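This report refers to the structure that appears directly beneath it.
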Amino acid sequence: MFDRIVYVLLDLYFTGATLMSIELEMLVWVATMTLCLWIPYILPSTVIGGVMAALKRQGDEATPYPWTGRAKRAHNNAIENLIPFTAIVLVAHMAEISNETTQLAAIAYFWFRAVHYVFYTLGIPILRTLSFFGGWLAQLCIAYQILSL
């Protein structure tokens, strides 16, 4: 078994192939980013009230600063949008649909979601909305590639 794994990895290395598509890699990056988006809005509560106060939080307490409330809402929005992005990327992968359009759309989606979090947290509504719309369009680009075949 170990010999087979080594053989496959060496074959991938020497042929220049990758273990996953760019779309799947971007899905991992988006999911990882989303996993970490809670950190900025919980840190002020920890600094102000201490670690024990942060551990006792129920999640419905008032936020210490307006931006922490916006960061929490941006995190929730990221989680909500991760679901359709995951479905679209997995369907494209299973259908073996990967082209320049789907790759660029997946990369764009990551960056649109990253700047959406920043603009949402900073309270810049027009840029927040535009970055949300950009991420939505990126998902539609991938979906179109799936449905047009």
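Coordinate-derived values only; no laboratory data. This structure is a prediction, so every number in the text was calculated from the model and none was measured. A quick note on method: Cβ atoms are made from the backbone with ideal geometry, for glycine too, and the neighbour counts reach across all protein chains shown.
Figures for the structure shown
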| read-out | value |
| --- | --- |
| Failed condition for ARG57, given (1) among the basic types (Lys, Arg); (2) farther than 17 Å from THR34 by Cβ; (3) surrounded by 14 or more Cβ atoms within 10 Å (Cβ to Cβ) | (3) |
| Single residue of region 86-100 satisfying the filter (without any contact (Cβ under 8 Å) to a residue 60 or more places away in the chain and either over 11 Å from ILE146 (Cβ atoms) or not in a helix (DSSP H, G or I) (or both)) that is nearest to the chain's Cα centre (by Cα) | THR86 |
| GLU25, sole failed condition from (1) part of a helix (DSSP H, G or I); (2) exposed (fewer than 12 other Cβ atoms within 10 Å of the Cβ); (3) among the charged types (D, E, K, R) | (2) |
| Unique residue being surrounded by 13 or more Cβ atoms within 10 Å (Cβ to Cβ) and within 21 Å of SER21 (Cβ to Cβ) when the list is LEU122, LEU90, LEU127, LEU149 | LEU90 |
| Odd one out for ALA114 among (1) crowded, with 22+ Cβ neighbours inside 10 Å; (2) closer than 22 Å to LEU43 by Cα; (3) touching a residue at least 60 places away in the same chain (Cβ under 8 Å) | (1) |
| Subset tally (residues that are surrounded by 15 or more Cβ atoms within 10 Å (Cβ to Cβ) and on the phi > 0 side of the Ramachandran plot) for region 93-111 | 0 |
